[in-house]
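For reference, the structure is listed below as structure tokens.
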Amino acid sequence: MMPTTSSRRAAVASTPASAAPAAPPAKRDRTHYLYIAVIVAVALGIAVGFIAPDFAKELKPIGTGFVSLIKMMISPIIFCTIVLGVGSVRKAAQVGKVGGLALGYFVAMSFVALAIGLVVGNIIHPGSGMHLTEAVKGVGHTQAQAAAEGPVDFLLGIIPTTFVSAFTEGQVLQTLLIALLSGFALQAMGRTGEPVLRGVEYIQKLVFRVLGMIMWAAPVGAFGAMAAVIGETGMDALKALGTIMAGFYITCFLFIVVVLGTLTKLVAKVNLFQLLKYLGREFLLIVSTSSSESALPRLIAKMEHLGVSRPVVGITVPTGYSFNLDGTMIYLTMASLFIADAMDQPMNIGQQIGLLLFMMVASKGAAGVSGSGIAVLASGLQSHKPALVDGVGLIIGIDRFMSEARAVTNFAGNAVATLLIGTWTGEVDKERVNRVLAGELPFDETTLLDEDSDEHLDGVPEQGGEKELAKA
């Protein structure tokens, strides 16, 4: 029987400082320079976008290619994390409890985000003074056709064509389903399934190592993505649509600081700004690529390192990326009110609530689809107030800038959700959380994993596993 994670961490904590290896600081220094390079690349991209917009547009494939490299790793990382977490927990009810609590929380927070967006949108009236031109009328109808299909199609779409097609098609929810089924099967196999768990653990180390290698291309990807978006948008759109952009950014900021900050402090007893600082590099990656998916694998690794158990992280983070879309909810709210005001067809409160409830459901089916925010917005307007679809083209020009705020808010919401769900289920090592946020246990940027966490060799899960074995 191998020692448990807690005993190994205690041993590590009691090791004299003189015996600590010198390698980790060197690794952190190298990655520190990497993210300085990302900041420089973003600044250069902005400069190139303004100076040579036509050339900057041609750089878009560079940013797209980097994000695609990251997305390539998402399915195997989710699969390994969930299989190792679920497969090592003795009772299936624990997994169901985490999943049910997570979904309930996601729905509640979606309503809160919608409410905040409604309040701010009705106060600032962002679309007042805008004028609709013939050139933008057809854009909304095109986007509406690209929207996700109904809830039945969405549910059927979770089921992959084959066992391995979930990995090849890049569908997060399909991967989640296959991983949960595999984890429950290994859980039922008991000791017989331990060699498979050992193999999956080695695969996880491999994919995280590959991800660490890909991250060194982040400066190039950030440069291409930022240059392209500046070149395509320019200053004219930013000036003309500055009101809704400013209002949207302020609303997202208030949601993160007031709502998420209060929940984090009251429930997890953690300072939100410490958590955001811990995830600072992920936020930089999101802003530079305008994609929250680029930071999904790192969020999984970092929340495990923070002290949240692997089953909670493995279930909450991937599910949250499809169902916990706080930033998207705020965006849909303010964009709808913006278009209604711009077209001089304001909606009353009843119409606003009905439209946004529909969009809240529709957005779950469109999660992970490129341009899904615009597509859901267009389809919702077409279903509830077709006359407003013509106005969708008004915000196409700045949608990319708003997508950055959406992605940052969604990411922050999922990080906080993971910590809260872990706290409510008793699957958080609170002492470790405090030490990590205080900088005493730095994250290994090279492997993206804790090398001492081999608890799956004896079927003992991380963090809350000892409690489960005691109950069994």
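Stokes-Einstein D for region 150-219 at 10 °C, 1.306 mPa s, Kirkwood Rh over Cα pairs, in µm²/s? Show your work: numbers first, answer last.
Details: Rh = 14.3 Å.
Roughly 111 µm²/s, to the nearest whole number.
For region 276-338, compute Rh as the Kirkwood radius over C-alpha pairs and then the Stokes-Einstein diffusion coefficient at 4 °C and 1.567 mPa s; write the answer in µm²/s, rounded to an integer.
Taking Rh from Cα pairs, D becomes 100 µm²/s.
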> Using unit Cβ charges (K, R positive; D, E negative) and no other charged atoms, how large, in debye to the nearest 20, is the dipole of region 180-306 about its Cα centre?
Replying inline: 460 debye
> In nanometres, what is the gap between the two model label sites at residue 181 and residue 435, each 7 Å from Cα along Cα-to-Cβ?
Replying inline: 4.0 nm
> With no solvent and one point per C-alpha, what does the Debye sum give as log10 I(q)/I(0) for region 326-365 at q = 0.18, 0.30 Å⁻¹?
Replying inline: -0.47, -1.05
> What residues have an amide H closer than 5 Å to that of residue 441, excluding those fewer than 5 places away on the same chain, when H is modeled at 1.01 Å from N in the peptide plane?
Replying inline: 436
> Of the peptides 308-321, 407-420, 287-300, 343-356, how do they stack up when ordered by the mean number of other Cβ atoms within 10 Å, highest first?
Replying inline: 308-321, 407-420, 287-300, 343-356
> Can you pick out the pairs among 60/269; 97/269; 60/277; 71/385; 71/269; 97/430 whose Cα atoms lie more than 31 Å from each other?
Replying inline: 60/269; 71/385; 71/269
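State in Å² the accessible area per residue of region 184-233; use a 1.4 Å probe, count heavy atoms of protein chains only, and round to the nearest integer.
43 Å²
The values are calculated or read from the model by the stated rules, or taken from the named source; none is laboratory data. For clarity, every value in this text was computed on a predicted model and none was experimentally measured. Every residue, glycine among them, receives a Cβ derived from its backbone with ideal geometry; neighbour counts consider all protein chains shown. Accessible surface is based on the protein model in full, side chains and every heavy atom, while ligands, DNA and RNA are left aside. Shrake-Rupley method; radii C 1.70, N 1.55, O 1.52, S 1.80 Å.
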